[in-house]
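Enquirer: Got a structure for you, questions after.
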Amino acid sequence: PQKTSFHRSQTLGYKNGFAFSRLPTVGIGGERLYVNQLSQAELDELSNKRPTLTYGQAKQAPPSGFIPAHVAFDKKILKFDAYFQEDVPLSAEEHYRIRQVCIYYYLEDDSMSVIEPVVENSGLPQGKLIRRHRVPKNDHGDHYHWKDLNRAMNITMYGRTYRIVDCDPFTQVFLESQGIELNPPEKMIFDPYTEMRRMPMRKYITPSDFDQLKQFLTYDKQVLRFYAMWDDTDSIFGENRTYIIHYYLADDTVEVREVYKQNDGRDPFPILIKRQRLPKTFVDKKKTFPSCVLEISDQEVLEWYTAKDFAVGKSTTLLGRTFFIYDCDEFTRNFYRDKFGITDFQPVEIKKKPLEEVPQVIPPYNGFGILEDSLQNCFSLLPKPPRKDVIKILENDHKVLRYQVALESPNPEDRKRRFILSYFLSDDMISIYEPPVRNSGIIGGKYLGKARVAKPGSTTENATYYEPSDFTIGSTIEVFGHRFVITDADEHVLNYMESNAESFPAATLQSLRDHFRPRQVVKETANSDIPMLGTSKQELDELIVQVQEELKLHNYLNNKNIREAFLQCDKDGSGILDKAKFLALCDSLSVPTNAILVNKLIDLCSCGEDKINYHDFLRAFPS
């Protein structure tokens, strides 16, 4: 009772790949064995010992070969045919049921299994009733052995009694070889209700005059094919659609299939009307007859569609749709020629109505984006960018014509504003920039980004844009509702137009020449007047240095304000001012004009009687 370990010692070992047995040194639970135990082989050897002096060495008999049961009886199975009876309490047609089974006995491990063959439409869960295992025989722990099985006997497993009626030939040979006397076989008992269901049901149907079986056997797989058209142009989105009508001669059924074309934009539903018998004339309906029926029978139909109701060149109404048959295939022509004697199968030419051309209406331009770019959305679902003149872009890259413009406005503050209009020759776009002016109350900067500006009165169909030929001195241009007057231009504009005179009108070129002519005359006069006064550039520079030394005593002078005032007063940028206007401006800026050196500098800067070149004068006021 005090023992807790019941392990047995290992007696099987392997050496060089061969199994050998060895005597245990300890017993169950690890107790030491003091008795010298002998193996069966050693006992056999001792029993065979004889006196070696008298008879010599005894020859030992070779041991018989040992074959385990799982090898000797591998895949050897005993099969018995049996049945059991099952009560059916809740049925008026049967009171019991006979269920046939097969009992399998596996010799290698003495296990058993019971399998019921599957019967079609039995409604019972059939198949393996008892899984393979050693089946208990009684409550004492015994199990069924193959010696307990025989023909014409009952065997109880898990409360269900099976009647063994027969076995297969292998089972019979095996049991007889083991000395078991087999009982005579019995006949298998069948279920009476199942046997009754196997008998064909008697039909009491009076044969009709028309033999449908003969029609099926004669016209099987023979189909009439008609090519028809359904005109649905009266509806809002209707059109002429082609169909194929199949008439099956075997059972007088009709099928209508749609004809699809590639990229027709329709879903692939091939069958318009499935194969069925189509009614042609209905019986006069009574008031009590329901308006909706699930299935149409012969009682509601007076006449069905037959092969004589279809003909080339005629219209046929099928389930409310009128189909015009315009052609048929060769088999259909031969059938009508042999059956009905019809020989006129001239196909009807179907003329399609020409589609009405819908004029493309371009919507008005909404002002967003470039006109050509926005117009591409009206031509394609995937708009492509408009094509650009690449040669023009490469030839006129970084070439810009600049103009000075003034805003034309009833507001006097806006009339004083000056803008720089830049025209880009590479893409014919215009940008407007306003130079910031201090203390003006207006924030300068970009006034208009790069954009193509259309002329007033242009439409989206015939859009015309401003070109360099439209920019003349004094002309007015309208930019998105704002009017600007061109007051000045760069000399580069005149030089570019003179080098490309054949591309610009003469009026535009003459306008720029007239504008720049006074400025050129003044420059020539200023350059020619200085040597006439008897002075040189060196004397003028020495005088300017002396004036700068004298003006250092006047600390209140602001050179930057003086330069800005003179530049702002020169609106045309010629560098020449009237003498009276020049002296008045100096007085307002507190410039000491009565000083001898300053008065002398004014005389040297004079060009003509009433003109003064203020550029040399401003050299005395360095910024």
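Enquirer: Per residue, how many Å² of accessible area does the stretch 398-527 show with a 1.4 Å probe?
Expert: 57 Å²
Enquirer: Further, regarding this structure: What does the charge add up to near residue 260, with Lys and Arg as +1, Asp and Glu as -1, over the other residues with Cβ less than 15 Å from its Cβ?
Expert: 0
Enquirer: Here is a follow-up. Quick check: the angle from helix 330-339's long axis to the longest principal axis of the chain, C-alpha only, nearest 10 degrees?
Expert: 60 degrees
Enquirer: In debye to the nearest 20, how big a dipole does the chain give about its Cα centre with +1 on each Lys and Arg Cβ and -1 on each Asp and Glu Cβ?
Expert: 2700 debye
Enquirer: Please name which of 580, 368, 230 has its Cα lying farthest along the dipole of the chain towards the positive end, using unit charges on Cβ (Lys, Arg +1; Asp, Glu -1) and the Cα centre as origin.
Expert: Positive-end residue among those listed: 230.
Enquirer: Would you work out what percent of the accessible area of the chain, with all protein chains in place, is carbon or sulfur (probe 1.4 Å)? Can you show the working numbers first?
Expert: Details: 23280 of 44090 Å².
Carbon and sulfur together cover 53 percent of it.
Enquirer: Would you calculate, for the chain, the mean residue ellipticity at 222 nm contributed by helices, counting each DSSP H stretch of 4 or more residues as -39,500 (n - 2.57) and dividing by all residues, to the nearest 500? Intermediate values should be presented prior to the final figure.
Expert: Working: 17 runs with 150 residues, N = 623.
Here the helix-only value at 222 nm equals -6500 deg cm²/dmol.
Enquirer: Within a Cβ distance under 10 Å of residue 312, other residues only, what is the Lys/Arg minus Asp/Glu net charge?
Expert: Every neighbour counted, the sum reads 0.
Enquirer: Binned at 20 Å from 0, what are the whole-percent values of the Cα-Cα distance distribution for the chain, short to long?
Expert: Histogram of Cα-Cα distances, whole percents per bin: 10, 17, 13, 13, 13, 16, 13, 5, 0.
Enquirer: What is the dipole size for the stretch 219-366, taken about its Cα centre, with +1 at each Lys and Arg Cβ and -1 at each Asp and Glu Cβ, in debye to the nearest 20?
Expert: It comes to approximately 180 debye.
Enquirer: Still on this structure, I have one more. Which residue, chosen from 485, 453, 424, occupies the Cα position most advanced towards the positive end of the dipole of the stretch 398-527, where the dipole is computed from +1 (Lys, Arg) and -1 (Asp, Glu) charges on Cβ about the Cα centre?
Expert: 485
Enquirer: Can you return the lysines within cross-link range of residue 59? Criterion is Cα-Cα under 29 Å, with same-chain partners fewer than 8 residues away left out.
Expert: Correct list for residue 59: 15, 49.
Enquirer: What does the charge count near residue 116 come to, summing +1 for each Lys or Arg and -1 for each Asp or Glu among other residues with Cβ under 10 Å from its Cβ?
Expert: Computed value for this residue: +2.
Enquirer: Return the long-range amide H neighbours of residue 488 (sequence gap of 5 or more, or a different chain), with a cut-off of under 5 Å between placed amide H atoms.
Expert: Close amide H contacts, sequence-distant or interchain: 404.
Enquirer: At a Förster radius of 41 Å, what calculated FRET efficiency corresponds to the Cβ-Cβ distance of residue 368 and residue 397, to the nearest 0.05?
Expert: 0.90
Enquirer: List the relative contact order of the chain as a percent without decimals, with contacts defined as Cα pairs under 8 Å and 6+ residues apart.
Expert: 5 percent
Enquirer: Sticking with this structure for a sec: I'd like the Karplus ³J(HN,Hα) series for the stretch 110-125: coefficients 6.51, -1.76, 1.60, θ = phi - 60°, whole numbers in Hz, and an x wherever there's a Gly or Pro.
Expert: Values per residue, Gly and Pro as x: 6, 9, 9, 8, 10, 10, 9, x, 6, 9, 5, 6, 7, x, 10, x Hz.
Enquirer: Per residue, what accessible area does the stretch 310-386 have, given a 1.4 Å probe and all protein chains present, in Å²?
Expert: It amounts to 78 Å² per residue over the stretch 310-386.
Enquirer: Over all directions, what mean area does the Cα convex hull of the stretch 135-176 project, stated in square nanometres?
Expert: Dividing the Cα hull surface by four gives the mean projection, 3.2 nm².
Enquirer: Helix 537-551 versus the longest principal axis of the chain: what is the Cα-based angle in degrees, 0 to 90, to the nearest 10?
Expert: Computed tilt is about 80 degrees.
Enquirer: Ignoring ligands, DNA and RNA, how do 42, 461, 542 rank by accessible area with a 1.4 Å probe, largest first?
Expert: Final ranking, largest accessible area leading: 461, 542, 42.
Enquirer: According to the square roots a ≥ b ≥ c of the eigenvalues of the Cα gyration tensor, what is the shape class of the stretch 71-197, taking rounded for a/c under 1.5, prolate for a/b larger than b/c otherwise, and oblate for the remainder?
Expert: Note, shape of the stretch 71-197 comes out prolate.
Enquirer: Moving on to the next point. Rounded to the nearest 10 degrees, what's the angle between the helix 506-532 long axis and the longest principal axis of the chain, both from Cα atoms, 0 to 90?
Expert: For 506-532 against the chain, the angle is about 50 degrees.
Enquirer: Charges on Cβ only, +1 for Lys and Arg, -1 for Asp and Glu, centred on the Cα centroid of the chain; of 304, 473, 512, which one is farthest towards the dipole's positive end?
Expert: Value: 304.
Enquirer: Under a 5 Å amide H to amide H cut-off, with H placed in plane at 1.01 Å, what residues pair with residue 156 once short-range neighbours are removed?
Expert: 162
Enquirer: Among 399/446; 388/571; 416/579, which pairs are too far apart, with a Cα-Cα distance over 29 Å?
Expert: Where the Cα-Cα span goes over 29 Å, the pairs concerned are 388/571.
The values are calculated or read from the model by the stated rules, or taken from the named source; none is laboratory data. Source: prediction; values computed, not measured. Quick reminder, even Gly has a Cβ in these numbers, built from the backbone with ideal geometry, and neighbours come from all protein chains shown. Accessible surface areas use protein heavy atoms only, side chains included; no ligands, DNA or RNA. Shrake-Rupley method; radii C 1.70, N 1.55, O 1.52, S 1.80 Å.
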